Amino acid sequence: MKSMTGYAYAESTTEKAFVSAEIKSVNSRYADFNINLPPFLGALEQEIRTLCARYIVRGKVDVYIRVKDFQPEISVETDLQAAKSYADALKKIAHASGLSETDISVGLIASREGVLTVNQTYDTDAYRTLIEPVFTRALKDFCADREREGVNLKRDILSQLAKLENCARLFEQSVPEMEEIFKQSLVKRFNELLGDKADEQRIMSETAAMLVKYTINEEVVRLLSHIEALKAEIEHNEAPGKKIDFICQELNREINTIGSKNQILKIGQSVIEAKDALENIREQSRNVE
C-alpha cells in the first residue's frame, strides 16, 4: 500500500552542468503528471512521463527538472548589413547633433537588435545522460517516501477495520436475540388484537414471514463478506484506493440497514461505532494510491 502524497529531491554537479530533479505529489482521483523541463529539453518529456506512469498509479504529480550548463556550446552570427545601416543612421544623428563620429562605438552598434544573433547548441542525448541518473534517484526516493507513508495508512486502516469487525461479530451474535424479541413482540400484538381467538399456527406462520423481512442475518453475512474482501484488497492489491472506497460504500449500506432494523440498545451503540470506524477508513482511503 502506498500513499498518494510524497516528496523527493536529487541533484548532481559535474564539470559540464548542474542538474536537479524534484518530485512531489498530492491526492487525485486519477494519475495526473505535470512535467516541467527547460524549453530546449521538451523532447524528454514523454520519456519522463512514461517512467513516472510505470511506478505511479494515482496522484497529482509535479516533476521539476532544472539544468544549468557550465560549458554551453555557443555560436554568434553577425548581420553586417544591419550593422552598416545602424552605423549610417547613428552618424546622421551625430552630425545633426553636432557630435563627433568617434562617439559612435562598435559596442553601441553591436548592441542593436539583429546585429548579433547568439545561438546555443543543445545535445539532447548528452543532457539525457546527465539527467537520467539524477531523476532515477529522485523517483526511487519518491516511491520509498510514498511507501513509508503507506505503511502508516495501512496500520491505521487495519486498526479501524478491526473495530468494524468486532461490531459485525456483535451483530452476528445478536441475531437470535433480535429474532426472539421480534417474535415475542408479534405474539403479544396478535394476542392483544385477537385474544382467545388467536390461532397459534397462524401466529407462527405470520411470524416466520415477518422475520424474513426484519431479521438482520442477511445483512450480517454480507457485512462480514465485505470485510473479508476489504482485507484481501489491503493485503494483495498494490493500489487498492479506489476498491477500498467502493467496498466502504457497500459496508455502509449494510450497516445502515442493520441500524434501521435494530431493536436492542447494544446494537444501536455498535452501529454508531461501526459507522465511525467506517468513516475513518473511507477518509484514509482517499490518501491511498
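A short reminder: the numbers here are calculations on the coordinates, not readings from a lab. Owing to the predicted nature of the structure, the values given are computational and were not obtained by experimental measurement. Here the Cβ positions follow ideal geometry from the backbone for every residue, glycine too, while neighbour counts run over all protein chains shown.
For the residue pair Y214 and I272, what label-to-label distance in nm results when each label sits 7 Å from Cα along the Cα-to-beta-carbon direction?
Going by the 7 Å Cα→Cβ label model, 2.4 nm.
Under the definition of Cα pairs under 8 Å and six or more residues apart, what whole-number percent is the relative contact order of the chain? Each step should come with its number before you reach the end.
Numbers: 376 pairs, mean separation 67.9, N = 289.
After rounding, I find 23 percent.
Taking the beta-carbon count within 10 Å as an exposure proxy, list S260, S174, S270 from fewest neighbours to most.
Fewest to most other Cβ atoms nearby, the residues stand as S260, S174, S270.
Which value, in debye to the nearest 20, describes the size of the charge dipole of the stretch 34-73 about its Cα centre when Lys and Arg Cβ atoms bear +1, Asp and Glu Cβ atoms bear -1, and nothing else is charged?
Approximately 300 debye in magnitude.
Percent antiparallel among DSSP beta bridges with both residues in the chain, to the nearest 5?
Beta bridges within the chain, antiparallel portion: roughly 80 percent.
Under a crude label model (7 Å from the Cα following the beta-carbon direction), how far is K16 from Y122 in nanometres?
In this crude label model, K16 to Y122 measures out at 1.5 nm.
Given the DSSP H assignment, sum -39500 (n - 2.57) over each helix run of at least 4 residues in the chain and divide by its residue total; what's the result at 222 nm in deg cm²/dmol, nearest 500?
Using -39500 (n - 2.57) per qualifying helix, the result is -22000 deg cm²/dmol.
Between M4 and residues 5 or more places away or on another chain, which pairs have amide H atoms under 5 Å apart, with H built 1.01 Å from N, and which residues are they?
V288, E289
Along the stretch 258-273, what does the Karplus equation 6.51 cos²θ - 1.76 cosθ + 1.60 (θ = phi - 60°) give for ³J(HN,Hα), rounded to whole Hz, x for Gly and Pro?
Karplus-based 3J(HN,Hα) across the stretch 258-273 equals 4, x, 6, 8, 4, 9, 10, 4, 5, 5, x, 5, 5, 4, 4, 5 Hz.
Enter the angle in degrees (range 0 to 90, nearest 10) between the Cα long axis of helix 45-55 and the first principal axis of the Cα atoms of the chain, meaning the one along which they spread out most.
So the inclination is approximately 30 degrees.
Return the sequence-ordered ³J(HN,Hα) values of the stretch 230-242 in whole Hz as given by the Karplus equation 6.51 cos²θ - 1.76 cosθ + 1.60 applied to θ = phi - 60°, using x for Gly and Pro.
Along the stretch 230-242, the couplings run 5, 4, 4, 4, 5, 7, 10, 8, 6, 9, x, x, 5 Hz.
Which far-off residues, 5 or more places away or on another chain, put their amide H under 5 Å from the one on G59, with H placed in the peptide plane?
Amide H neighbours of G59: S28, Y30, A31, D32.
Please tell me which of these pairs span more than 32 angstrom C-alpha to C-alpha: K2/K163; K163/K242; K140/K243; K24/K163; K16/K140; K183/K243?
K24/K163; K183/K243
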